[in-house]
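One structure below.
The values are calculated or read from the model by the stated rules, or taken from the named source; none is laboratory data. Quick caveat, the model's predicted, so the values are computed rather than measured. Because the Cβ atoms are built from the backbone with ideal geometry, glycine has one as well, and the counts that use them run over all protein chains shown.
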Amino acid sequence: MTAKNNELAKAGEYKPIDLLAVAAAREVVDGDIVFAGTGLPMLAIMLAQKVSAPNAVCIYEAGSIDGRPIDLPTSVGDARCAHQASMAAGLTEAFYGQLHCGYVDLAFLGGAEIDQYGNVNTTVVGDYLNPEKRFTGSGGNPDINALAKRTVFIMVQEKRRFREHVDYITSPGWRLPKWPGGEFVHKREVYGKFFRGGVEAVITNMGVFRFDEEGLMYLDTVHPGFTPQQVKDNCSFDLNISRVSGETKPPTYYELELLYKEVDPEGIFLP
Amino acid sequence: MGKAERITLKEAGALIQDGDMLSFSGFTIWRRPMALVYELVRQGKKNLHLFEVNGGTHTEVLAGAGAVKIWESCWVGHELYGKLGEGVARGQCEKSMIVEDYSHGQAVARLLAGAYGLPFFPTALSMGTDILNPQYDMLKIAGLRDGSNPKIPRQKYTVSQDPFYDMGEILLMPAANPNWALVYASQVGDEGTMRVNAQTYTDAEVIKAADKVIVLAEEVVPDSYLRSEPEKNIATGYSIDYVVELPWSAHPTGSQGFYDVDADFIRNFYSASKSKAGYDKWAEEWIFGVDSHEQYLEKLGIINLEKLRANKVLGYSTRVKRGSR
């Protein structure tokens, strides 16, 4: 590796997916215990470990704990995940021995639809009893979102995906139905003494979103090339753009070099 | 309980009855008992009740064949090689299949209760989600929570107050005890001791939770070999009922230390599975068009298989092309 070039890349020198990975990586605090899913989350944690968070560790829900893959896994069950892991365990360890018992600081997750409270749908389109389309289903998304201290969603920005209400709440945001009654309350009231935190940021191809004290989404930074109004126009709900703190920092040349030469040299997630 | 009985793949398939509740080893597209799943389709099994911590290519092979009546799980797809579970989706949208959604961790809780002989297991995972919406209890809507089927609990879940430390509300998840665990294992000893390489997923729990266990072994080895490092083993011989020795029987899913996922094969299957006609044509070629696992391997061809063979040091193939570069 040549000297680190920490200059910021200019428009046209990086792809939207590169910025997604880099913006996500910047959410990792050194020392975090990170739960990551397949795809961009893997790129984000592996990049963070190389740039700013060398002491962060990664847990994959299939059971590899603190693996040090030398080849990028294509799924969380991949043989590559367990390379040099501190433990090659199973789901009981991942979900109960790590997550439920409280080790997990940060998690990267994805979703098909999100609402203004950060509730995410990965289950069906339309009425659950008469669905138009079935997605993969929850996987570990809601479990991790329930009990990790901070979670970050990486998503595609589209009007139909940023909705006032999602068709099915697969994964818990900040205001939720409390079952069996179904009254909407703050996440703190649903989880009681199990409450540890929740959705901290949503990163899309247009901007980075965060949540206010009431649990409502607002736009924090816009990616270079977009205006807050354009982002708002790509939301079905009335997005708060009064708290925009500036532009999202583009990737540095060093980050791009790491992404393409060390993290995903085979072009598995980065085409 | 005696020693595991060595049987053939056809005999293993014949043990499964229409309507039985099944669960599987593995994780999405890793270590699935694929050869036996194909055999179940070849033998025309119907009305199967799958309980699985997560689904994968095997689920879709069964769902596409119309063999599944009830699917209780949290996820189905083919990871990077097929983003949805088309057969399950069709079954749910057309209402030919009852889909009962849990979260991953909740499904693990159900399996843990089953594995440890407990009626339920507590969890705080995925509270406040529509998974718990009482109007979405599909087995109840279907009238199947009346206690007449011993494999279906009377409630999807219940909420309880912590009686000991005042932690407040917590979910209780009912045990899952399938009739059968269909398992693929890296190595099985000649007395039945079982080992898997790398991540253990929920393989040990599935074996304990099920009434009966059939294991497809990549290789059968002397038990003394496995017993020289007992900490690496995940099941005893007396917990396993039947063993079929069948190399490559997890294909196209991967088996750490033996072979990688066959990405192209799964992509082709996924593409075919998008319609019933496409699935049927695929099944005609790869399930009904071969009469045995050996014929299936012959059809795949040695060149394809050798590309997937794992590097003995790394445990996965370094010769498959995985990305665009």
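Couple of notes before you dig in:
- Among the residues here, B:Gln106 does not qualify as within 9 Å of another protein chain (Cβ to nearest Cβ) and surrounded by fewer than 20 Cβ atoms within 10 Å (Cβ to Cβ).
- Looking only at residues in segment A:101-111 that are surrounded by fewer than 22 Cβ atoms within 10 Å (Cβ to Cβ) and within 19 Å of the chain's Cα centre (by Cα), the one that is modelled with the lowest pLDDT is A:Gly110.
- Just one of the listed residues (A:Glu158, A:Glu213) is out of contact with any Asp or Glu (no Cβ under 9 Å at 6 or more places or on another chain) and without any contact (Cβ under 8 Å) to a residue 40 or more places away in the chain, and it is A:Glu213.
- The residue of segment A:116-131 that is nearest to the other protein chains (Cβ to nearest Cβ), among those that are under 24 Å from the mean Cα position of the chain (by Cα) and hydrophobic (A, V, I, L, M, F, W, C), is A:Val124.
- Yes/no for B:Tyr165 being over 18 Å from B:Gly19 (Cα atoms) and either away from chain A (no Cβ under 14 Å) or surrounded by 15 or more Cβ atoms within 10 Å (Cβ to Cβ) (or both): no
- Within segment B:18-43, the set of residues being touching a residue at least 60 places away in the same chain (Cβ under 8 Å), surrounded by fewer than 21 Cβ atoms within 10 Å (Cβ to Cβ) and not in a helix (DSSP H, G or I) comprises just one member, B:Asp20.
- Checklist (1) over 23 Å from B:Leu84 (Cβ atoms); (2) more than 8 Å from chain B (Cβ to nearest Cβ); (3) among the charged types (D, E, K, R) applied to A:Glu158, failing item: (1)
- The residues listed here are A:Val28, A:Val22; of these, the one that is in a loop (DSSP other than H, G, I, E, B), β-branched (Val, Ile, Thr) and surrounded by 21 or more Cβ atoms within 10 Å (Cβ to Cβ) is A:Val28.
- Single residue of segment B:202-227 satisfying the filter (of a type in the set (Lys, Arg) and more than 12 Å from B:Glu191 (Cβ to Cβ)) that is nearest to the other protein chains (Cβ to nearest Cβ): B:Lys208
- Flag for A:Tyr218 being part of a helix (DSSP H, G or I) and either hydroxyl-bearing (Ser, Thr, Tyr) or away from chain B (no Cβ under 11 Å) (or both): no
- Identity of the residue in segment A:140-155, charged (D, E, K, R) and surrounded by fewer than 24 Cβ atoms within 10 Å (Cβ to Cβ), that ends up nearest to the other protein chains (Cβ to nearest Cβ): A:Lys149
- Lone qualifier among B:Val159, B:Val188, B:Val206 - being assigned to a strand (DSSP E or B) and touching a residue at least 60 places away in the same chain (Cβ under 8 Å): B:Val188
- Within the option set B:Tyr242, B:Tyr279, being over 28 Å from A:Ala82 (Cβ atoms), under 18 Å from the mean Cα position of the chain (by Cα), among the aromatic types (Phe, Trp, Tyr) and buried (at least 16 other Cβ atoms within 10 Å of the Cβ) holds for one residue only, B:Tyr242.
- When B:Ser148 is tested against (1) away from chain A (no Cβ under 13 Å); (2) surrounded by 17 or more Cβ atoms within 10 Å (Cβ to Cβ); (3) hydroxyl-bearing (Ser, Thr, Tyr), exactly one condition is not met: (2).
- Condition met for A:Gly137 (over 15 Å from the mean Cα position of the chain (by Cα), assigned to a loop (DSSP other than H, G, I, E, B) and either more than 9 Å from chain B (Cβ to nearest Cβ) or within 18 Å of A:Glu27 (Cα to Cα) (or both)): no
- Here A:Gly12 passes the criteria (1) within 14 Å of chain B (Cβ to nearest Cβ); (2) assigned to a loop (DSSP other than H, G, I, E, B); (3) surrounded by fewer than 21 Cβ atoms within 10 Å (Cβ to Cβ); (4) of a type outside the set (D, E, K, R) except the one numbered (1).
- Index of the failed condition, A:Gly198 passing every other in (1) in contact with a Leu (Cβ under 8 Å, 6 or more places away or on another chain); (2) surrounded by 18 or more Cβ atoms within 10 Å (Cβ to Cβ): (1)
- Taken together, B:Lys46, B:Lys69 contain a single residue that is surrounded by fewer than 24 Cβ atoms within 10 Å (Cβ to Cβ), in a strand (DSSP E or B) and among the basic types (Lys, Arg), which is B:Lys69.
- Each residue in segment A:178-191 was checked for being more than 18 Å from B:Asp166 (Cα to Cα) and more than 9 Å from chain B (Cβ to nearest Cβ), and 4 pass.
- Filtering segment B:269-318 to residues that are within 12 Å of chain A (Cβ to nearest Cβ) and in a loop (DSSP other than H, G, I, E, B) leaves B:Ala310, B:Asn311, B:Val313, B:Leu314, B:Gly315, B:Tyr316, B:Ser317, B:Thr318.
- For beta carbons closer than 9 Å, sequence separation of 6+ or different chains, a first residue in segment A:245-271 that is away from chain B (no Cβ under 14 Å) and in a loop (DSSP other than H, G, I, E, B) and a second that is surrounded by fewer than 14 Cβ atoms within 10 Å (Cβ to Cβ) and of a type in the set (Lys, Arg), the qualifying pairs are A:Pro250/A:Lys10.
- Any chance A:Glu113 is at the interface with another protein chain (Cβ under 8 Å from one of its Cβ atoms) and among the acidic types (Asp, Glu): no
- Subset tally (residues that are more than 7 Å from chain A (Cβ to nearest Cβ) and either of a type in the set (Gly, Ala, Ser) or crowded, with 24+ Cβ neighbours inside 10 Å (or both)) for segment B:92-103: 3
- Inter-residue pairs, beta-carbon under 6 Å, first at the interface with another protein chain (Cβ under 7 Å from one of its Cβ atoms) and in segment A:60-76, second of a type outside the set (Val, Ile, Thr) and in a loop (DSSP other than H, G, I, E, B), 6+ apart: A:Glu61/A:Gly140; A:Ala62/A:Gly77; A:Ala62/B:Gln199; A:Gly63/A:Ala89; A:Gly63/B:Gln199; A:Ser64/A:Ala85; A:Ser64/B:Gln199
Here's the yes/no breakdown for (1) within 12 Å of chain B (Cβ to nearest Cβ); (2) surrounded by fewer than 21 Cβ atoms within 10 Å (Cβ to Cβ); (3) within 16 Å of A:Gly111 (Cα to Cα); (4) touching a Phe, Trp or Tyr at 6+ places or on another chain (Cβ under 9 Å):
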{"site": "A:Leu176", "(1), (2), (3), (4)": "yes, no, no, yes"}
{"site": "A:Lys193", "(1), (2), (3), (4)": "yes, yes, no, yes"}
{"site": "A:Phe209", "(1), (2), (3), (4)": "no, no, yes, yes"}
{"site": "A:Asp212", "(1), (2), (3), (4)": "no, yes, no, yes"}
{"site": "A:Phe226", "(1), (2), (3), (4)": "no, yes, no, no"}
{"site": "A:Asp233", "(1), (2), (3), (4)": "no, yes, no, no"}
{"site": "A:Asp238", "(1), (2), (3), (4)": "no, yes, no, no"}
{"site": "A:Arg243", "(1), (2), (3), (4)": "no, yes, no, yes"}
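- For B:Ala89, the conditions (1) crowded, with 24+ Cβ neighbours inside 10 Å; (2) within 16 Å of the chain's Cα centre (by Cα); (3) of a type in the set (A, V, I, L, M) all hold with the exception of (2).
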